[in-house]
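Enquirer: One structure coming up, written as structure tokens, with questions to follow.
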Amino acid sequence: MNGSDSESHLDFVSFSKAVKSQFETCPFPFEDEKVLSDQSWKIVPPHWFNAVGRPGKPFYDRGRFLVAGCGTGNEAFNIARAFPNLEVVAFDASPRAIDIALRWQKASGINNVHFLQEDLLNPNLAQSLGHNFDWISCHEVLAYVYDPQAALAHLASCLSPEGCLYIGVKGTFHPTVRLAPAISLFSLSMDSPEQVKRTREVLCLCDNLMGIPIDKGIGAQPESYLKNHVFGVHHDPFPLHTWIEIIHNAGLQYINSLYTSMSFLQLQDNRFFDLLTELDLPTLHSLIDHCNPSFFHMIVASKPRMTPPFAPADKKEFLRWRPLVDLWDRTKIPAVQPPYNQVLDVTFDIPGLYRQLPLKLSSYLIEFLRRSDGSRSVSQLVAEIGVDIKVEELFTALARFYFTSLLNFLPPL
């Protein structure tokens with residue numbers, strides 16, 4: 001072993017020991033009864049996760065869900081309770097965290113979750129856990145893993161062919177990142193009750209300066225959050241384009257990022273959509289994150305698969321793909337009567353994104369969305385509706401819906 005290899009090995013050992021000591025000393029997210037009772041931890045909107053990650057596939061009615069880096073079990077319990085037909089497997093590298101999860105599981109009577117002690121960097125992870133998970137969640141974990149790319153490659157081996165993986169990681173604009181100078185300037189620590197009190201006061205001051213309500217800011221978070229996510233061992237947060245590269249190198253395919261996708265909705269001027277359709281979705285999302293940095297990345301990835309041929313593409317190729325609305329209930333859109341030559345105000349209720357979305361749309365597009373059930377191609381729907389429209393105009397409109405998660409596409413039959 002040469003000197004550089006030895007140094008790298010020691011770095012890995014040192015990092016791993018520090019992380020293990022951190023979570024053994026202060027299990028996350030809770031150690032008391034809040035492991036079971038707290039239901040405020042909404043990891044990822046489940047309908048959005050399923051709609052973009054497994055378009056056209058059943059939503060959480062049956063199947064296997066893996067929680068990677070489950071800590072004391074709060075996320076796993078919430079998923080198992082919300083979706084009792086799921087088989088939930090949850091693992092963590094911390095023996096103490098798993099002991100706490102098992103203790104609270106015994107008290108809860110929740111039987112559709114199975115806890116295991118396991119390490120994300122185990123190259124035989126799929127042999128230990130299985131390789132047929134329909135959904136995998138890895139939330140606020142990869143910052144504490146020495147090699148995130150290897151960890152994602154191991155999780156990829158656990159996915160079923162049509163499964164999807166959620167990755168939750170801090171963005172470069174996360175409040176904890178912006179707090180770093182204050183920690184240094186005020187010499188903050190969590191070593192005693194007096195220091196914890198002073199630390200909270202300074203963090204609340206910074207929350208206020210960042211425009212964050214004090215009762216919802218970093219300073220109001222549980223002590224376990226502060227010790228792990230503010231003062232703990234962690235890597236620097238990455239911009240989205242770095243995570244897209246890591247995902248690709250791990251043998252996975254980037255599918256979407258929630259906050260980046262929602263940022264796209266801010267564009268109201270139709271002149272810009274033609275420009276944006278010159279870029280493929282990963283490149284477009286990287287640009288959006290560069291211009292408007294995310295505080296948190298909620299990313300969905302999958303095994304490599306066909307994606308809708310938007311940019312760059314032959315604009316006629318997408319006519320063969322089958323549009324699908326499954327993030328929200330398209331049947332609630334009132335039918336629009338011909339002739340389809342009006343521009344109408346319409347508000348879509350999108351529970352999959354916990355919001356309502358007001359838009360001005362051509363009436364033929366409203367009818368197009370209402371009929372987009374994944375059974376017919378774009379060209380077939382256009383023929384059904386009976387509109388004479390240029391391919392370029394339709395391409396731009398549907399690309400906008402696709403880039404914002406409002407519409408997905410299934411491959412041609």
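The values are calculated or read from the model by the stated rules, or taken from the named source; none is laboratory data. Predicted model only: the values in this text are computed from it and were never measured. FYI the Cβ positions are ideal-geometry reconstructions off the backbone, even for glycines, and counts take in every protein chain you see. Calculation scope for accessible area: heavy atoms of the full protein, side chains included, ligands and nucleic acids excluded. Shrake-Rupley method; radii C 1.70, N 1.55, O 1.52, S 1.80 Å.
Enquirer: Which of the residues belonging to segment 18-43 are modelled with pLDDT under 90, of a type in the set (Lys, Arg) and closer than 29 Å to residue 258 by Cβ?
Expert: 42
Enquirer: List the number of the failed condition for residue 187; all other conditions in (1) touching a strand residue (DSSP E or B) at 6+ places or on another chain (Cβ under 7 Å); (2) farther than 22 Å from residue 88 by Cα; (3) of a type outside the set (Asp, Glu) hold.
Expert: (1)
Enquirer: Identify all residues within segment 237-252 that are open to solvent by 40 Å² or more (accessible area, probe 1.4 Å) and without any contact (Cβ under 8 Å) to a residue 24 or more places away in the chain; write none if there are none.
Expert: Selection gives 245, 248.
Enquirer: Ok, one more. Just give me the residues in segment 346-375 being in contact (Cβ under 8 Å) with a residue 60 or more places away in the chain and in contact with a strand residue (DSSP E or B) (Cβ under 8 Å, 6 or more places away or on another chain), in sequence order.
Expert: Matches in segment 346-375: 357, 374.
Enquirer: Tell me, which helices (runs of 4 or more DSSP H) wholly within segment 189-283 include 1 or more residues that are among the polar types (S, T, N, Q) and closer than 25 Å to residue 51 by Cβ?
Expert: Passing ranges, in order: 258-264.
Enquirer: Here's a follow-up. Name the residues in segment 30-58 that are touching a residue at least 12 places away in the same chain (Cβ under 8 Å), open to solvent by 30 Å² or more (accessible area, probe 1.4 Å), assigned to a loop (DSSP other than H, G, I, E, B) and farther than 16 Å from residue 161 by Cα, would you?
Expert: Of everything in segment 30-58, those that are touching a residue at least 12 places away in the same chain (Cβ under 8 Å), open to solvent by 30 Å² or more (accessible area, probe 1.4 Å), assigned to a loop (DSSP other than H, G, I, E, B) and farther than 16 Å from residue 161 by Cα turn out to be 31, 33, 38, 39, 41.
Enquirer: Taking the stated definitions as given, is residue 198 out of contact with any helix residue (DSSP H, G or I) (no Cβ under 8 Å at 6 or more places or on another chain) and of a type in the set (Lys, Arg)?
Expert: Against the criterion (out of contact with any helix residue (DSSP H, G or I) (no Cβ under 8 Å at 6 or more places or on another chain) and of a type in the set (Lys, Arg)), residue 198 qualifies.
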